[in-house]
Amino acid sequence: MIQGIPYLQSVLAPVLALIVWSLLIWVWMYAKRIPAMGKAGIKPQDGRFPGSLNGLPDDVRAAADNYNHLMEQPTIFYALAFLTYLVGQQNDCTAALAWAYVGLRILHSLVQITVNAVVVRFLVFSLSTIVLMVWTGCVVMGVVGG
């Protein structure tokens, strides 16, 4: 229980889920990258500059790109989740929005590291951004309306 709410209904459970997912993508990235670098004859020191690994196969680069994406916009998600928790705005709606965001980010990852269809990725990314906007609105209204 967190603030009297079962753990899985808390906004903190999706935080843990996205952290676990991000770490799994990190493992996936290096499981793809290290063998590809060896096959291409690229020494680790050769990767010291941005763009120096652009010669790797697309699927290898997609995994690295996705890991980077999981370090970008989700920073808003993490901040919003902790803010939601700290201001006491955890409820069924904010928890559902947090889980929806995590589900959409996982879907985004799966699209990017498999078929990498940009239009589909953009749609999923846009939906996840809308989820953050709605969730932010719920928290603002909960705090202001109070």
Can you give me the number of residues within the range 90-124 that are within 20 Å of Leu70 (Cβ to Cβ), in a helix (DSSP H, G or I) and either charged (D, E, K, R) or without any contact (Cβ under 8 Å) to a residue 40 or more places away in the chain (or both)? 13
Scan the range 67-89 residue by residue and report those that are over 13 Å from Leu18 (Cβ atoms), in contact (Cβ under 8 Å) with a residue 12 or more places away in the chain and not hydroxyl-bearing (Ser, Thr, Tyr). Leu83, Val87, Gly88, Gln89
Odd one out for Thr84 among (1) within 24 Å of Phe125 (Cβ to Cβ); (2) over 19 Å from the mean Cα position of the chain (by Cα): (2)
Taking the range 25-69 and keeping residues over 24 Å from Leu110 (Cα atoms), among the small types (Gly, Ala, Ser) and not in a helix (DSSP H, G or I) leaves Gly41, Ser52
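Any read-out appearing in this document is the output of simple, stated calculations on the displayed coordinates, not a laboratory observation. Since this is a predicted model, take the numbers as computed values, not measurements. Here the Cβ is made from the backbone with ideal geometry for all residues, glycine too, and neighbour counts use every protein chain on show.
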